[in-house]
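Taking it in order: structure first as structure tokens, then the write-up.
The values are calculated or read from the model by the stated rules, or taken from the named source; none is laboratory data. Predicted model only: the values in this text are computed from it and were never measured. So basically every Cβ, Gly included, is an ideal-geometry build from the backbone, and we count neighbours across all protein chains shown. We work out accessible area using only protein heavy atoms, side chains counted, and drop any ligands, DNA or RNA first. Shrake-Rupley method; radii C 1.70, N 1.55, O 1.52, S 1.80 Å.
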Amino acid sequence: IANRADRVEELSAAELMQAADVPTLAEVLADPDGTEFYNLELKSKEVEDTLAPAVAEVVRRAGAESRVLVSSFNPFALWKMQEAYPEFRAPCS
């Protein structure tokens, strides 16, 4: 990213935002000029991961439940999302 030798997973959120000049998920969801609907793909290798609960909290705070689809090739990530945010409607349930 940005001609850095670092791997994305090795960078803190602040370092990544500075290097790539990207907004946070909260900023994207709050943008009035953003798209109507978002597909948030959780990329996670771990079962016990903090990604899904963190994403759930951002979506909840933004009130964006009706504008967000959460997807992942890792079924455990989706399970953790449902566990972290039970009122979030799973697309396949």
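Taking 65, 46, 83 as the candidate residues, the one with maximal mean-square fluctuation in a Gaussian network model of the chain, Cα springs under 10 Å, is 46. Residues considered: 21, 31, 49. Largest GNM mean-square fluctuation over the chain, using C-alpha springs under 10 Å, is found at 21.
Please label the shape of the chain as rounded, prolate or oblate, based on the square roots a ≥ b ≥ c of the eigenvalues of the alpha-carbon gyration tensor (a/c under 1.5 means rounded; beyond that, a/b larger than b/c means prolate, else oblate).
Values: a/c = 2.23, a/b = 1.30, b/c = 1.71.
The shape class here is oblate.
Only loop residues by DSSP count here, and only those with at most 13 other Cβ atoms within 10 Å; note down the GluC sites (Glu not before Pro) in the range 2-40 that meet that. Spell out each step's value before the answer.
Numbers: sites: 9, 10, 15, 27, 36; in loops: 36.
Of the GluC sites (Glu not before Pro), the ones in loops of the range 2-40 whose Cβ has at most 13 other Cβ atoms within 10 Å are 36.
What the phi angles of the range 56-71 give under the Karplus curve with 6.51, -1.76 and 1.60, with θ = phi - 60°, is a coupling list of 4, 5, 5, 4, 4, 5, 7, x, 9, 3, 7, 10, 10, 10, 9, 10 Hz, glycine and proline written as x. Looking at the chain, the trypsin sites (Lys or Arg not before Pro) that sit in a DSSP loop and have at most 15 other Cβ atoms within 10 Å of their own Cβ are 4, 7, 43, 45, 89. Within the listed set 59, 70, 22, the residue fluctuating most in the Gaussian network model of the chain (springs between alpha-carbon atoms under 10 angstrom) is 22. On the chain, 55 percent of the accessible area sits on carbon and sulfur atoms, based on a 1.4 Å probe. For the range 30-85, the relative contact order is 48 percent, taking Cα pairs closer than 8 Å that sit 6 or more residues apart in sequence and dividing their mean separation by the residue count.
What is the extension gain from residue 67 to residue 20, computed as 0.36 nm multiplied by their sequence separation minus the C-alpha to C-alpha distance, in nm to one decimal?
That pair, residue 67 and residue 20, stretches by 14.4 nm at full extension.
With a Förster radius of 25 Å applied to the C-beta separation of residue 1 and residue 30, the computed FRET efficiency comes to 0.60.
Close amide H pairs (under 5 Å, H built 1.01 Å from N) link residue 38 with 68, 69, residues at least 5 positions away or on another chain.
Per residue, the chain reaches -11000 deg cm²/dmol at 222 nm when only DSSP H runs of four or more residues are counted, each adding -39500 (n - 2.57). Taking all protein chains into account, the per residue accessible area for the chain stands at 73 Å² (1.4 Å probe). Counting only alpha carbon atoms, the long axis of helix 75-84 and the longest principal axis of the chain meet at about 70°.
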